[in-house]
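S.K.: Take this structure first; my questions come after.
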Amino acid sequence: MPHRRLILGSASPRRREILAQLGYEPEEVRPPHIDETPLKGELPRAYARRLAREKAEALEPAPDEVILCADTTVALGRRILGKPEDEREAASFLRALSGRRHRVITAVAVRDAAGIRERDVVSLVRFKRLSEEDIAEYLATGDWRGKAGGYAIQGPAAGLIPWVSGSWSAIVGLPAYETRQLLRAAGLRPRHSQEAHA
């Protein structure tokens, strides 16, 4: 099979790190620009799947390219918690998540000349009951900026989360198992596999 180029349709350094763990190094990072506003009445899982697909559809692959896009959505019941606009909204998200389980949905879309392959993974996360001091300390780190739900599990928020169920890597931003399956289905082999067959 001719060489295929992996294009990462995301500027997330966490997604690059997870791909590197799997033995994949994107040859180019090409984040698409789409409107991420939820549709009226749209449920969180459908929203995450739609965004991953729309990101992939916004990038036209060359014949030798495989494009990987993803979306990670934090959901509290039917409510989608996006990226907070400011510290006040981040604080309101944390108060809503305090002491409760919520879902983190990561949808992945892999596109090549043959079409789009998709998977999504739902994981559960529970925050401890947060005091105002906990919230103030976390907000002071600035780690809430640009993060769905106002937190990142691989950052300081890890000290506030006693329990998770599901895929850790999906909560970070890319489900490792499902991503590997999708990339292999698209004809991409990890670097160490290529070296073994050289």
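The values are calculated or read from the model by the stated rules, or taken from the named source; none is laboratory data. Just so we're clear, the structure is a prediction, and the values are computed from it rather than from any experiment. No Cβ is skipped: glycine too gets one built from the backbone with ideal geometry, and neighbour counts run over all protein chains shown. For the accessible areas, the whole protein counts, side chains as well, though only heavy atoms, and no ligand, DNA or RNA atoms are used. Shrake-Rupley method; radii C 1.70, N 1.55, O 1.52, S 1.80 Å.
S.K.: Of the residues that make up the stretch 115-133, is at least one free of Cβ contacts under 8 Å to residues at least 24 places away in the same chain and among the hydrophobic types (A, V, I, L, M, F, W, C)?
M.R.: Pass one, the stretch 115-133, residues free of Cβ contacts under 8 Å to residues at least 24 places away in the same chain: 115, 131-133.
Those left that are additionally among the hydrophobic types (A, V, I, L, M, F, W, C): none.
No: the stretch 115-133 contains no residue that is free of Cβ contacts under 8 Å to residues at least 24 places away in the same chain and among the hydrophobic types (A, V, I, L, M, F, W, C).
S.K.: Can you find, within the stretch 134-147, the residue that is farthest from ALA170 (Cα to Cα) among those that are in contact (Cβ under 8 Å) with a residue 60 or more places away in the chain and surrounded by 16 or more Cβ atoms within 10 Å (Cβ to Cβ)?
M.R.: Result: TRP144.
S.K.: Okay, next question. Go through the stretch 120-174 and report how many residues are touching a helix residue (DSSP H, G or I) at 6+ places or on another chain (Cβ under 6 Å), in a loop (DSSP other than H, G, I, E, B) and at positive phi.
M.R.: Residues meeting the conditions: 1.
S.K.: With respect to ALA157, determine if the residue is farther than 11 Å from TYR24 by Cβ and surrounded by 18 or more Cβ atoms within 10 Å (Cβ to Cβ).
M.R.: On the way: farther than 11 Å from TYR24 by Cβ: yes; surrounded by 18 or more Cβ atoms within 10 Å (Cβ to Cβ): yes.
So ALA157 fits the description; yes.
S.K.: Suppose we filter the stretch 106-119 for residues that are touching an Asp or Glu at 6+ places or on another chain (Cβ under 9 Å), open to solvent by 60 Å² or more (accessible area, probe 1.4 Å) and in a strand (DSSP E or B); how many remain? First the steps, then the outcome.
M.R.: To start, the set of residues in the stretch 106-119 that are touching an Asp or Glu at 6+ places or on another chain (Cβ under 9 Å) comprises 106-113, 116, 119.
So of that shortlist, the ones also open to solvent by 60 Å² or more (accessible area, probe 1.4 Å) come out as 113, 119.
Checking which are in a strand (DSSP E or B) leaves us with 119.
Residues in the stretch 106-119 being touching an Asp or Glu at 6+ places or on another chain (Cβ under 9 Å), open to solvent by 60 Å² or more (accessible area, probe 1.4 Å) and in a strand (DSSP E or B): 1 in total.
S.K.: Moving on to the next point. Does SER131 satisfy being hydroxyl-bearing (Ser, Thr, Tyr) and within 16 Å of the chain's Cα centre (by Cα)? Break it down stepwise before answering.
M.R.: Values: hydroxyl-bearing (Ser, Thr, Tyr): yes; within 16 Å of the chain's Cα centre (by Cα): no.
Spelling it out, it is not the case that SER131 is hydroxyl-bearing (Ser, Thr, Tyr) and within 16 Å of the chain's Cα centre (by Cα).
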